[in-house]
Amino acid sequence: MAERSQFEELARQLSAVGAVKRDMGRILPPDCPAGSAAVLTLLGRHGDMRMSKLAELLSVDMSVTSRHVAHVAARGWIERSPDPADKRSRILHLTPEGAAQLDELSRRTTHLLADRLSDWTDDEVGQLIRLMTRLRASFGDCRSAPARIPHP
């Protein structure tokens, strides 16, 4: 197991990832803030879904999800259809305009990462992906009960 000083440095580096996320947020179109981009990304990745499932995937409460959904729906990027299984619920799905917006977001993000990581080898980028995937898996479902922190 790694030493305490390594975990302390890891915590500092993870905190600094916020700067990377802010830089990535700056490339978003003005009419597509991060919450809207997240809605489009999740619908693009997982397909049609209920608002409750989207809220779960976003790890935010329903009121926040509703605001994000209203924003993207007002721009014609998603449609809300009645759920045949429960008429009180709505199924969200990307429109062709939403798919085009998602493609533009992907293009911008890919361009930024390619620019910022231009001096990295393919192996280094692959290693980063593998390690970040493993880190995320180690934390499991962050929406569940908080992890117990052992006391020294």
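The values are calculated or read from the model by the stated rules, or taken from the named source; none is laboratory data. This is a predicted model, so every value here is computed, not measured. Here Cβ is always computed from backbone atoms with ideal geometry, including for glycine, and neighbour counts include all displayed protein chains. What goes into the accessible areas is simple: the full protein's heavy atoms, side chains included, and nothing from ligands, DNA or RNA. Shrake-Rupley method; radii C 1.70, N 1.55, O 1.52, S 1.80 Å.
Accessible area per residue for region 1-82 in Å², computed with a 1.4 Å probe and the full protein assembly in place, what is it?
Working: 5150 Å² over 82 residues.
Heavy-atom accessible area per residue stands at 63 Å².
State the percentage of accessible surface on region 29-152 attributable to carbon and sulfur atoms; use a 1.4 Å probe and exclude ligands, DNA and RNA.
Values: 4880 of 8640 Å².
After summing per-atom areas, the C and S share lands at 56 percent.
Roughly how tilted is helix 122-139, in degrees to the nearest 10 and between 0 and 90, from the longest Cα axis of the chain?
Helix 122-139 and the main axis of the chain meet at about 80 degrees.
How big is region 25-82 along each principal axis, measuring the range of its Cα positions in Å and listing the largest first?
Sorted largest first, the three principal extents are 31, 23, 22 Å.
Please compute the contact order of region 1-83 in relative form: average sequence separation of alpha-carbon pairs under 8 Å and at least six residues apart, divided by the residue count, as a percent. Walk me through the numbers before you get to the answer.
Values: 33 pairs, mean separation 18.2, N = 83.
Relative CO of region 1-83 lands at 22 percent.
Longest exposed-loop-site-free stretch of the chain, with trypsin sites (Lys or Arg not before Pro), DSSP loop and at most 16 other Cβ within 10 Å? Please list the in-between numbers first.
On the way: sites that count: 75, 143, 148.
With trypsin sites (Lys or Arg not before Pro) excluded where exposed in loops, the chain gives 1-74 as its longest stretch.
Divide by every residue of the chain the summed helix terms, -39500 (n - 2.57) for each DSSP H run of at least 4, and state the resulting mean residue ellipticity at 222 nm, rounded to the nearest 500 deg cm²/dmol.
Details: 6 runs with 96 residues, N = 152.
Theoretical 222 nm ellipticity from helices: -21000 deg cm²/dmol.
With Cα extents along the principal axes in Å as the read-out, I listed (1) 48, 29, 26; (2) 54, 41, 24; (3) 48, 33, 26; which label goes with the value calculated from this structure?
From the options (1) 48, 29, 26; (2) 54, 41, 24; (3) 48, 33, 26, the structure gives (2).
Residue by residue through region 73-79, what is 3J(HN,Hα) from phi via Karplus (6.51 cos²θ - 1.76 cosθ + 1.60, θ = phi - 60°)? Round to whole Hz and write x for glycine and proline.
Running phi through 6.51 cos²θ - 1.76 cosθ + 1.60 with θ = phi - 60° gives 5, 4, 8, x, 8, 9, 10 Hz.
Could you please state, rounded to a whole Å, how far the C-alpha centre of region 18-55 is from the C-alpha centre of region 78-106?
13 Å
Can you list the residues, at least 5 places off or on another chain, whose amide H is less than 5 Å from the amide H of residue 93, using H built in the peptide plane?
Residues meeting the criterion, in which the H sits 1.01 Å from N, are 79, 81.
Given a 1.4 Å probe and heavy atoms of the protein chains only, how would you sort 92, 102, largest accessible area at the top? Write out the running numbers ahead of the final one.
Numbers: 92 0, 102 35 Å².
Greatest to least solvent exposure: 102, 92.
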